[in-house]
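The values are calculated or read from the model by the stated rules, or taken from the named source; none is laboratory data. As the structure is a prediction and not an experimental result, all values here were calculated from the model. Here the Cβ positions follow ideal geometry from the backbone for every residue, glycine too, while neighbour counts run over all protein chains shown. These area figures cover heavy atoms from the full protein model, side chains too; ligands, DNA and RNA do not enter into them. Shrake-Rupley method; radii C 1.70, N 1.55, O 1.52, S 1.80 Å.
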Amino acid sequence: MSPFKVPKEIPHAIMTENTPKSPCSTATTTKPPSRKCTDQLTKATASSPFTIRKVTENKKQYLSLLLLADEQESMIDRYLDKGTMYVLDDDGIKAECVVTDEGNGILEIKNIATAPEYQGKGYAKKLIEYLFAKYKGTYHILQVGTGNSPLTIPFYEKCGFARHHVIKNFFTDNYDQPIFEYGVRLVDMIYLQRKL
C-alpha cells in the first residue's frame, strides 16, 4: 500500500471537452466497460506502438521507478515479491505497476509510476486501462490506496474509481519519514475502488 504520484501527468491523461470520447471512456462514469469495450482496449493495446509486459524476474531492476510511487524501499519489499508487475515499453520502459490479489475478488494496485521525463503522456492511464481489460471477469474490484493528494485523488476519479474507505494515520504509522505530495503531508490512506 503506497502513495501514487502523478506529477504533471494529470492534465494530459484526462480527456478534455475537445478530445473525442471513445466508447471505452470512463472519465464520466463508474460503469464497468462493456465486453465490446474490453475487446477494443485489448486490440488497441496490441496494435499500438507500445507494449505492456509482465515482469517475473529481477523486479528490483525497476527500483528507481518503484520509488517514485513509494518512497520507502522497505514498504516496496512488503508487496513486490507477491505482486504481479507490469512495465510499459515504448522505445524503452516508461512506466510500471504492481498489483496484488487481496482476496474476495479484489485486485489492488500497490504501485504505479511513470518516469519523470515521460510524465504527462498518459502512460499511467494506459496501464490502468490494461489492468481493467486483463482482469475483468477474474476479479470483481480493482482498488488503489493513496494519500490525500490534491492531484492523485482526482486522477483516479477520472479513471472511474470512487472513494471507498480510509485507513487513519497509515503514512504516519508506517513510514520512517514524513511524506509530502504537492505541499500536502500524507497522513491517512484513501482507498478508491472500481468494479471490473
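Numbers for the structure displayed
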item: Filter pass, Ile93 being under 20 Å from Lys59 (Cβ atoms), open to solvent by 10 Å² or more (accessible area, probe 1.4 Å), of a type in the set (A, V, I, L, M, F, W, C) and in contact (Cβ under 8 Å) with a residue 12 or more places away in the chain; result: yes
item: Within the range 68-90, considering residues that are touching a helix residue (DSSP H, G or I) at 6+ places or on another chain (Cβ under 9 Å), open to solvent by 30 Å² or more (accessible area, probe 1.4 Å) and not in a helix (DSSP H, G or I), the one nearest to Glu129 (Cα to Cα); result: Asp90
item: Selection count where residues are modelled with pLDDT under 95 and either farther than 19 Å from Leu68 by Cβ or not polar (S, T, N, Q) (or both), scope the range 138-153; result: 4
item: Single residue of Lys195, Lys168, Lys136, Lys158 found to be of a type in the set (Lys, Arg) and open to solvent by less than 80 Å² (accessible area, probe 1.4 Å); result: Lys136
item: Per-region count, the range 163-196, residues more than 14 Å from Glu102 (Cβ to Cβ) and of a type in the set (A, V, I, L, M); result: 6
item: Test for Val184: is it at pLDDT 95 or above, open to solvent by 20 Å² or more (accessible area, probe 1.4 Å), hydrophobic (A, V, I, L, M, F, W, C) and more than 19 Å from Leu196 (Cα to Cα); result: no
item: Flag for Ala113 being closer than 19 Å to Pro49 by Cα, small (Gly, Ala, Ser) and open to solvent by less than 60 Å² (accessible area, probe 1.4 Å); result: no
item: When residues of the range 117-131 are limited to those that are touching a Leu at 6+ places or on another chain (Cβ under 7 Å) and open to solvent by 10 Å² or more (accessible area, probe 1.4 Å), the one farthest from Leu63 (Cα to Cα); result: Glu129
item: Answer residue from the range 128-158, given it is touching an Asp or Glu at 6+ places or on another chain (Cβ under 8 Å) and among the hydrophobic types (A, V, I, L, M, F, W, C) and is farthest from Thr114 (Cα to Cα) among those; result: Leu142
